[in-house]
Amino acid sequence: MSAIRFFGTQKVGDRDPNDKGQFVHGSPPTERVVAVVELLTRTRTPRTAAAVADALGLSRSTVAAILATLEERQWVRRGPDLTYRPGPALPGSTARADLPPEAAAELRALADRVGCGAALSVVTPSALTFVALAAHNGRVPAGVTVGTRLPLRAPAAASVIAFAGPDRQRAWLDSADPTQRRELTDALTEIRAAGVAVWGIDPADLGTLDVLAEVAGHLADSPTTGPLRRRVLGLLAGLSGYPHTVADLDSARDLPIAYLAAPVFDADDLPRWELQLGPLRAAVTRPERDHYRAELLAAARRLTLRP
C-alpha cells in the first residue's frame, strides 16, 4: 500500500507505532486527526475507538470526537461491531480499498449489457456515498459523481435496508414521510423476497429529473456552489418515485421505471453496498424488466465478497 501524505513532512509508515509520545506531546488538534487517519490506513484490521485511543495515547473522548467527524465526512466507516476502517471519501487509493474486487470493470460490463448507467454506493447508518459509476447514456443516479454523499433517508438504499436488522429498518422508516411508511414497510418485505427493488416514476417527472441532473452537473464544477448543489441533489432524491410491487412487475403492461437496485454483501454476509441501474424510461416491457432484474442480480452476486 502506498503512503499518503496529509500534512507536514511525515507520511504513513514514517512514524514508530510503538512510540506513543510522538502523538501526544505538543500535538495540535490537526496532528491528532492525522494520527488517527494514519493509524487506520496503515492496517487492514478495523479498530474500535478505544483501541485507536490506546494505540495513540490519546483520551478516548478526543478520539471519539475525531472519529465522529471523520465518519460524517465518510473518511472512515463504522461497522456494526463499532470498529472503524477507511471510508470511501478518504483521499488517495486507500479510500477505495473497501470496494469489492473488480467493481469498476463489473459496472462497465453491466452498463454495456443492459444499455443504461450503473452505480455502486456504500451505505452506512447515516449516509449513502457513491464509490463507482459507469455511464451509459448518462449518469446513475442522475446528477451524481463518485464521492457524492447523501444523507440516508427513506426511500434511499431500500434494497440494503431490506436485508438489515430490525433496529436499522425502524430508523430508516422513521426518516420517511409518515404517509409513506406503510407503503415502504410493505416494500421492504417484497424487496427482501425478490432480492431487488424496482422504482417507478411519473413520466412527467422524467423531464424535470433531466433538467435537475444537468444543473447538478454544472454546479459540480465550482467549489463555491456546494450548498446549492446539495439542494439540487435533494430535489433529485425527492423524484426517486415509488416502489413497484411484485404484481406490477409480473403484469404484461409496460411500466415506467426510474431505477433498479440490489444489495451487495460483504464477507460477513452483511449488506454493505447498493448496486443500481438507471433505465429512466417511461415505458419498459416485461421482457425488458426481466432482463434488467436478471443482469442486476447476477452482477450483485459476483460483487458479493466471499468469506
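The values are calculated or read from the model by the stated rules, or taken from the named source; none is laboratory data. None of these values were measured; they are calculated from a predicted model. Backbone-built Cβ (ideal geometry, glycine too); neighbour counts: all protein chains shown.
Which one of these is under 25 Å from residue 280 (Cβ atoms), crowded, with 16+ Cβ neighbours inside 10 Å, modelled with pLDDT of 85 or more and touching a Gly at 6+ places or on another chain (Cβ under 8 Å): 157, 119? Let's see the steps before the verdict.
Working: 157 fails: touching a Gly at 6+ places or on another chain (Cβ under 8 Å).
Step by step, each of 157, 119 is checked, and only 119 is under 25 Å from residue 280 (Cβ atoms), crowded, with 16+ Cβ neighbours inside 10 Å, modelled with pLDDT of 85 or more and touching a Gly at 6+ places or on another chain (Cβ under 8 Å).
Testing residue 69 on (1) surrounded by fewer than 16 Cβ atoms within 10 Å (Cβ to Cβ); (2) within 22 Å of residue 268 (Cβ to Cβ), one condition comes back false. Which one is that?
Unmet condition: (2).
When the residues of region 38-54 are filtered to those that are part of a helix (DSSP H, G or I) and at pLDDT 90 or above, which remaining residue is surrounded by the fewest Cβ atoms within 10 Å (Cβ to Cβ)? Spell out how you get there, then give the answer.
At the first step, the residues of region 38-54 found to be part of a helix (DSSP H, G or I) are 38-42, 49-54.
Retained after the next criterion (residues that are at pLDDT 90 or above): 49-54.
Values: 49: 21, 50: 12, 51: 15, 52: 22, 53: 20, 54: 14.
Restricting to residues being part of a helix (DSSP H, G or I) and at pLDDT 90 or above, the top hit is 50.
Go over the candidates 173, 150 one by one and state the one that is over 23 Å from residue 282 (Cβ atoms), at pLDDT 90 or above, in the same structural domain as residue 255 (by the TED database) and not in a loop (DSSP other than H, G, I, E, B). Steps first, answer last, please.
Numbers: 150 fails: at pLDDT 90 or above.
The unique qualifying residue is 173.
Kindly list, by first and then second residue, each pair from a residue in region 271-286 that is under 17 Å from residue 204 (Cα atoms) to a residue that is acidic (Asp, Glu) and surrounded by fewer than 24 Cβ atoms within 10 Å (Cβ to Cβ), limited to pairs with Cβ atoms under 6 Å and residues at least 6 apart or on different chains.
283/254
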